[in-house]
Every structure is written in structure tokens, then in C-alpha cells.
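Asker: Quick one: this structure, given as C-alpha cells, is what I'll be asking you about.
The values are calculated or read from the model by the stated rules, or taken from the named source; none is laboratory data. Note that this is a predicted model, so its numbers are computed, not measured. Cβ placement follows ideal geometry from the backbone for every residue including glycine, while neighbour counts extend to all protein chains displayed.
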């Protein structure tokens, strides 16, 4: 898989994409991730990528020229399955979306910044807009990195235990239940006996029960959706 990320502040992307699971996936050539500085595509003599909004109002808006130039150059080299824009008014990004995107070949992310991006970019170039939730960030870099992380960890060979990703929260429309590791007794707090029993069927049943309990308590909306499916 190849992922291209376009940003007005690409420095923000460097460290999170170079360490931990995503960094190892890149080192092992399981994914290519390329960042592109929007200012490098500006035709303005000062390399500006933003301007005041028509009609007045506070804030600045990303201008179309550098974005079109960057995306069109990348498109001349390969076909992209999705060109994703990160914005508060996008569709809520969920595990099912990460699953779908993880089987694609080429993805592109455009990170919003300032007050937003010229609508002509969204109308012409963007194929999907995602949001992380009902809150506003300073730019789309953090959401893009979060989405990339959720996608990359699903790629074959990225996780040492392939089953790990399949048992994460949201994969079966439920939250994951509590997990424990050694020691079995820590300061008088013991790991539930069923998890030490060696009975795989009972462990499976216990985990499902706890998963249902946690989902009902923390996300009753998900719990009701699961019950009605």
C-alpha cells in the first residue's frame, strides 16, 4: 500500500509516522507513506497557500491552486482509490472504514488547515471526507495520522499476531472487554479464575459477556445497535 499525505505543515506528521507500529511497517516495506509540503506547490512568490474568504469573516482559507497542482501531479503518476479530506463536517470515521481502506492500493489524504479549504477542491478532487468527532482541531494532520494508523495496523504482516486486530474494539460492533496479564495476583487483585482455567470455550463466553457489559455501560447506542442486528 502507498499513502500520500498533503499538508501545509508536514513537519507535524514526521514523528508519529516514524515510530511504533507504523514506523516498523514502513521499515519492513509493508507500506509506503509520503508527505507533501503544500507550500512547495504554490505559485505565489511568498509560497502562500491561504487567503481571506470571499464575503468576509474571520480566519483564512486554503487556496485551490497549490492543492490542485499537488494532487494532479500525484495523479499523473498513479491512480488513487480514495482522496480523503479530513474535516469536522465529514462522515464519522469508524472501524468499518479502516477495514475497507486497508485493502486499497493507493490512498491520499489532504489535511485541512486554517478555516478550511476552498469548496472547489472538495467539489472536484475529494472522494471522501472524514471526521474524528464533533470537535474542532487546529488542522487535519492529527485526524489523518489517526486514520493512517488505524489502516496500517490492519495490513498483513504489520502486527505480530494477526488475530489481535480482529479482536479489537468495534470489529464486531462491540467494545473490547477487560484484559489482564501476569502476575496472576498483584497486590491482592487477582486475575479472574476463568482466564486461568485453560477452558477456551469458557474464556470466549466470559469475554463476550464482559464485552456486552462494557458496551452497554459506556456506549448504549452501540449496544442497542448490536442487539437489533
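Asker: With (1) loosely packed, with under 15 Cβ neighbours inside 10 Å; (2) assigned to a loop (DSSP other than H, G, I, E, B) as the list, and residue 16 as the residue in question, which single condition is left unmet?
Answerer: (1)
Asker: Which numbered condition in (1) at pLDDT 95 or above; (2) within 20 Å of residue 141 (Cα to Cα) is the only one that residue 115 fails?
Answerer: Result: residue 115 passes all but (1).
Asker: Which is buried (at least 20 other Cβ atoms within 10 Å of the Cβ), at pLDDT 95 or above and over 20 Å from residue 17 (Cβ atoms), of 151, 67, 84?
Answerer: Among 151, 67, 84, only 67 is buried (at least 20 other Cβ atoms within 10 Å of the Cβ), at pLDDT 95 or above and over 20 Å from residue 17 (Cβ atoms).
Asker: Does region 176-193 contain at least one residue that is modelled with pLDDT under 90, under 27 Å from residue 153 (Cα atoms) and touching a helix residue (DSSP H, G or I) at 6+ places or on another chain (Cβ under 7 Å)?
Answerer: yes
Asker: Only one of 71, 67 is touching a residue at least 60 places away in the same chain (Cβ under 8 Å) and in contact with a helix residue (DSSP H, G or I) (Cβ under 8 Å, 6 or more places away or on another chain). Can you tell me which?
Answerer: From the options 71, 67, the qualifying one is 67.
Asker: Looking only at region 20-35, how many residues end up being surrounded by 12 or more Cβ atoms within 10 Å (Cβ to Cβ) and either part of a helix (DSSP H, G or I) or in contact (Cβ under 8 Å) with a residue 60 or more places away in the chain (or both)?
Answerer: Of the residues in region 20-35, 9 are surrounded by 12 or more Cβ atoms within 10 Å (Cβ to Cβ) and either part of a helix (DSSP H, G or I) or in contact (Cβ under 8 Å) with a residue 60 or more places away in the chain (or both).
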